Amino acid sequence: MEDEVTAPPLPESVQCPVCSKGFKPSKINAHLDRCLQDDVGRCPSTMDEGRPPLKKPRVTTASPPPVPVSRPTANGTPTRGLRGTSSTVFSLFQNKKQNVSVQGERSPSFSEELQQPPPSSSSAVSRGVKRTAPGDIEPGQPDADPTMLPSPPSSQLTLVKTSTEAVPSRTFLTTDKPLAETLRPKTLEEYFGQNKVVGEHTLLRSLLESQDIPSLILWGPPGCGKTTLAHIIASKSKQKGTVRFVKLSATSASTSDVREVIKQAQNELRLCKRRTILFIDEIHRFNKSQQDTFLPHVECGTVTLIGATTENPSFQVNSALLSRCRVLVLEKLSVEAMGSILQRAVVSLGVHVLGDGEQAGDLEERPDDGAQPQVYIEQRALDTVAHLCDGDARAGLNGLQMALQARVGGAPSGRVVVQEKHVKEGLQRSHILYDKAGEEHFNCISALHKSMRGSHENASLYWLARMLEGGEDPLYVARRLVRFASEDVGLADPLALPQAVSAYQACHFIGMPECEVILAQCAVYLARAPKSVEVYKAYSNVKASLRTHKGPLPSVPLHLRNASTKLMRELGYAKGYKYNPAFSSPAEQEYLPEELRGVDFFTWTPSE
């Protein structure tokens, strides 16, 4: 180069740590940039023989061409030790894939390796390139280089593996991580059972493709895919690198945690132009004041809120927050969707499925790996899991994992067949979705009430059993039956009310599970009884009359008032009242205020 100093460097010159040449202080930075770039792109065939070697040999031999290990500088001091500085600087500009694991290169016969000359470039080892002796390269080949050294024998050199072996899928059965978390879908193609929400030509699918996701409230039963959908949305939105995803759980996070995330979101949006998707699991656990924290930031778009809840958002989420979010209702997974999820699980685990009537011995012999048994599962067992999990994918996958772990753990080799009875041990009974304080509580009691009103005794027994088997308080059901006896049966069967009250007292005496047949008897009696809502409707008309009355309510007529003092009698209280027992038939007199005379509340219709 034109700025190189060939004479001994002056005191004001600076030595390059790569090529060991001296340069003026004003030129050293520009030269260092060019020198490092040239060193990265330099191949062995064009390497300058005057430059220090890339790797200093431990023991020099006479057979290969001599490689200098030190170079005297202009002032006469050797540059031994500068090679380490050069390699340190040089490594900063190398790709991570070119790093060499020195420990991985050393073989057990390390003393023999020392007798071999070192390679001219460490990249040949890291990339697994076969190095050829100079005598094996023809002069006309472009890669011919007289400085290339013969590679040591295979017993003396161990190359670093660039790829790890695939982990056997069956090792998922021995991990502490639940199978439902391990096999969580990553794309919409692996997401089953919610076609109404994310199927083809749906609004959310279009928004995902355009990567413009609004704030959402995901409402659905446990195990239907709310958290999974949130992760898929985040993964889809992060493809352009303009979105970050933060997950919090309302069961453990506090308001200060939310404020910290919002503060980070503001900084990301202002400095890096990156939006933040904030996923709040079990958002109904936040109280009303905690939910108010999101309002201004969701309104201005600082964060895109995705909340997941198993409770009705109408009752558990602020109306102001609901107006800023779109509610997506996720349904309970069908049996067909659960079958697809389970089939994907057994394929991922490497488990073979046996059809109806097929036995493990009927299959073609497969090579034994010598460490793990061959695992088979009956199709009927998978169908049983799909039906018993009640649309909960988490319960179904974890139940399948439990059955497989129990069978594989007791059979270290050979064939293992998982049958229907093994699956039923993991799922003792049907997983009944019922929450005594949630949405399903009100849904089931409403279904029971309407079934008895429609005189459908079979449906009445079904909804009653579903509530009691789900853990409902029997006294709560008994109180509802007492109400039904007056509201819907009424005067058509006056014995219905005593029957319901007796059922309540009996349940209070003996409790569950003995009282379940008492409630069943009362429910069937009320379903079969004649119905009359005459009293119920008349009383509702009276309440409507009071609510719609304009002006002050009419006063009680004077003759109906009780005259307990002399002053009251002087004011006309009880004047003109006819004492009915003194007459042979009901006395004719007015009992309603003057404004309501002639009104029959049994037939009266409230005005608008």
Out of all the residues in segment 177-192, is one or more under 28 Å from CYS272 (Cβ atoms) and β-branched (Val, Ile, Thr)?
yes
Which residues, taken from segment 534-587, are among the acidic types (Asp, Glu) and within 30 Å of SER607 (Cβ to Cβ)?
GLU534
Could you go through segment 202-224 and let me know if any residue there is at pLDDT 85 or above, in a loop (DSSP other than H, G, I, E, B), over 27 Å from MET402 (Cα atoms) and open to solvent by 30 Å² or more (accessible area, probe 1.4 Å).
yes
Could you say which residue among LYS531, LYS537 is over 28 Å from GLY396 (Cα atoms), out of contact with any Ser or Thr (no Cβ under 9 Å at 6 or more places or on another chain) and among the basic types (Lys, Arg)?
LYS537
Between a residue in segment 171-182 that is crowded, with 16+ Cβ neighbours inside 10 Å and of a type in the set (Phe, Trp, Tyr) and any residue that is modelled with pLDDT of 85 or more and not in a helix (DSSP H, G or I), which pairs come within a Cβ distance under 9 Å, given they are 6 or more apart or on different chains?
PHE172/LEU183
If I ask for residues that are closer than 22 Å to THR227 by Cβ and either buried (at least 20 other Cβ atoms within 10 Å of the Cβ) or modelled with pLDDT under 90 (or both), which ones from segment 263-279 would you list?
ALA265, ARG275, THR276, ILE277, LEU278, PHE279
Just wondering, is there one or more residues in segment 280-299 that are at pLDDT 90 or above and assigned to a strand (DSSP E or B)?
yes
Just the residues that are in contact with a Pro (Cβ under 9 Å, 6 or more places away or on another chain), free of Cβ contacts under 8 Å to residues at least 40 places away in the same chain and not hydroxyl-bearing (Ser, Thr, Tyr), please, taken from segment 545-575.
ARG547, LEU553, VAL556, PRO557
Give the residues of segment 543-553 that are outside any loop (DSSP other than H, G, I, E, B) and open to solvent by 50 Å² or more (accessible area, probe 1.4 Å), sorted by residue number.
LYS543, LEU546, ARG547, THR548
For segment 227-250, does any single residue satisfy the condition of being over 13 Å from the mean Cα position of the chain (by Cα) and at pLDDT 90 or above?
yes
Sort through LEU321, LEU305, LEU342 and tell me the only one that's modelled with pLDDT of 90 or more and under 24 Å from GLN401 (Cβ atoms).
LEU342
Confirm whether VAL261 is of a type in the set (Val, Ile, Thr) and assigned to a helix (DSSP H, G or I).
yes
ILE283 meets each of (1) touching a residue at least 40 places away in the same chain (Cβ under 8 Å); (2) open to solvent by less than 40 Å² (accessible area, probe 1.4 Å); (3) farther than 23 Å from PHE442 by Cα with one exception, condition (3)
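Report yes if some residue within segment 419-427 is surrounded by fewer than 16 Cβ atoms within 10 Å (Cβ to Cβ), at pLDDT 75 or above and farther than 27 Å from ILE341 by Cβ; otherwise report no. Walk me through how you get there before you give the answer.
Quick first cut of segment 419-427, residues surrounded by fewer than 16 Cβ atoms within 10 Å (Cβ to Cβ) only: 421, 425.
Narrowing the set further to residues that are at pLDDT 75 or above leaves 421.
With farther than 27 Å from ILE341 by Cβ added as a condition, the list becomes none.
Checking segment 419-427: not a single residue is surrounded by fewer than 16 Cβ atoms within 10 Å (Cβ to Cβ), at pLDDT 75 or above and farther than 27 Å from ILE341 by Cβ.
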Check segment 347-354 and report whether any residue there is without any contact (Cβ under 8 Å) to a residue 60 or more places away in the chain, open to solvent by 20 Å² or more (accessible area, probe 1.4 Å), closer than 30 Å to ALA381 by Cα and not β-branched (Val, Ile, Thr).
yes
Can you name every residue in segment 581-602 that is among the hydrophobic types (A, V, I, L, M, F, W, C), within 19 Å of ALA538 (Cβ to Cβ) and open to solvent by less than 80 Å² (accessible area, probe 1.4 Å)?
LEU592, LEU596, VAL599, PHE601
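The values are calculated or read from the model by the stated rules, or taken from the named source; none is laboratory data. Quantities reported herein were computed from a predicted structural model and do not represent experimental measurements. Reconstructed Cβ throughout: ideal geometry from the backbone, glycine too, with neighbour counts over all protein chains shown. Please note that ligands, DNA and RNA were not included when accessible areas were found on the heavy atoms of the full protein model with its side chains. Shrake-Rupley method; radii C 1.70, N 1.55, O 1.52, S 1.80 Å.
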